[in-house]
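See structure below.
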Amino acid sequence: MGRTGGRQKRERTDFEIQLKKDILSKKRNDGTPYSEKSVDTFINNIVKIAPSFLGKAEIMVNLKWLEDSQKVIKWLNTTNTRQGYPYSIQSKLSIYQSIIVGMNTMGYTEEHLSPYWIERDTLRGQKDVAIANKESFDTTTAKNQKAVLDGVSKQDIFELIGMLHHDSFNENQLVDRKKLMIATILQIHTEFPFRNDLADMKVITEDNYKKLVETGEDKLFNWLILGKKDEYKFVLNKFKTQRKYGMIVGEVENDATIAMLSLWLAMGRQGEYLFSKDEEQPLTRNNISVLLSVETKKYFKMPISTTILAKVFNAVDGSYTEITPEKIATIKKQSYLRGHNPLTHITHYTARH
């Protein structure tokens, strides 16, 4: 299979490494620690805007440049991103939160933090109004997603799955493993609103899984559990909101998903992981993201992500006036499988046209 990795990461400076360690050693206001992923976001946001306030080729060795809050705030309100768009509400919120956490960690007090607090809280108010009005945020991502959602339907996805499935075989012989893998990933996402949680997922029998539960080793991976004939169950232990939800378990009920999984397991899977490169190395989350984006763009002229798939196959489907008890049950199930509450599912994952 071709190259699936992203671009090489820039090495962190000593200051960035130390700042990350210092933030990780602190706690939120509620007493819980920051996740490493959150801290990486804080550092990345600060590093991203720093060159606009430092001298040419100057290396960031402190956060003194953030002391001029009015200069930073004005810059964020008047500068465009690399894509040519103004910074969105969501992007500003993320940047202000990163600045606040970073400066607080470095010992800055209310004098320097207050202007950033005010901007952050104002933006939060705007965001809450947008949610209450069932509006999409003015993010570049949201605009791009709307363009895709306006042009791609459930039927389009199903037709692509069928095409990829057909092109994977020649006279019942598998000739294109990658196409079959993409078809299987897409089919799973028509039933399960996972993020990129199929990455690093292992396949195991039900009996062997029970043995791992006894030792606690089951928590180390996400799993596809093989039950009796054509019975499959997904178990997620590693996902974005695992701190809150602990574990997600979903039985495969859709006949088309069962059939595609059975075919992939019999003819496409290599090694112990559900999805892997040809060298049997598991696909990473980034691999899945790039793979879906690059390959779906060939067919739709627009990239499809797991977030887009969750919106396309959301049970609400843009209609709030005719929600039946059956739909409510489906919404609750999809919310659980996504790892968030039903309100989030309705406000953030409905494909509005």
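Say R0 is 30 Å: what FRET efficiency, to the nearest 0.05, do residue 286 and residue 74 get from their beta-carbon distance?
Here the calculated transfer efficiency is 0.30.
Can you give the FRET efficiency to the nearest 0.05 for residue 150 and residue 240, using r as the Cβ-Cβ distance and R₀ = 22 Å?
The pair residue 150/residue 240 has a calculated efficiency of 0.25.
Could you sort the peptides 212-223, 82-93, 26-37 by per-residue average Cβ neighbour count (10 Å cutoff), highest mean leading?
Put in order of decreasing packing, that is 82-93, 212-223, 26-37.
For q values of 0.20, 0.25 Å⁻¹, compute log₁₀ I(q)/I(0) with the Debye formula on a Cα-only model of the stretch 20-67, without solvent.
Log10 I(q)/I(0), no solvent term: -0.74, -0.95.
Size of the stretch 218-290 along its principal axes in angstrom, Cα-based, largest extent first?
Extents along the principal axes, in whole Å: 36, 29, 22.
By the scheme Lys and Arg +1, Asp and Glu -1, what is the net charge of all other residues having a beta-carbon under 15 Å from that of residue 298?
Result for the local shell: -1.
Looking at the stretch 151-271, I'd like the Rg to Rh ratio, where Rg is from alpha-carbon atoms and Rh is Kirkwood's inverse mean 1/r.
0.99
Around residue 275, under 14 Å between beta carbons, what's the net of Lys plus Arg minus Asp minus Glu among the other residues?
0
Just to verify a number: what accessible area does residue 149 come out at with the full protein assembly present, 1.4 Å probe, Å² rounded to tens?
My reading of the accessible area for residue 149 is about 20 Å².
Could you give the nm distance between label points at residue 270 and residue 258, where each point is 7 Å from its Cα heading toward the beta carbon?
3.0 nm
For the pairs 48/74; 179/219; 71/92; 27/219, flag any whose C-alpha to C-alpha distance is greater than 21 Å.
Details: 48/74 16 Å; 179/219 31 Å; 71/92 14 Å; 27/219 25 Å.
Where the Cα-Cα span goes over 21 Å, the pairs concerned are 179/219; 27/219.
Using +1 on the beta carbon of Lys and Arg, -1 on that of Asp and Glu, and nothing else charged, what's the dipole of the stretch 171-226 about the Cα centre, debye to 20? Don't jump to the answer; show the numbers that get you there.
On the way: 8 positive and 10 negative charges, 40 e Å.
The dipole magnitude comes to about 200 debye.
The values are calculated or read from the model by the stated rules, or taken from the named source; none is laboratory data. Owing to the predicted nature of the structure, the values given are computational and were not obtained by experimental measurement. Cβ atoms come from the backbone with ideal geometry, glycine included; neighbour counts cover every protein chain shown. Note: accessible area is taken over every heavy atom of the protein model, side chains too, but ligands, DNA and RNA are not part of it. Shrake-Rupley method; radii C 1.70, N 1.55, O 1.52, S 1.80 Å.
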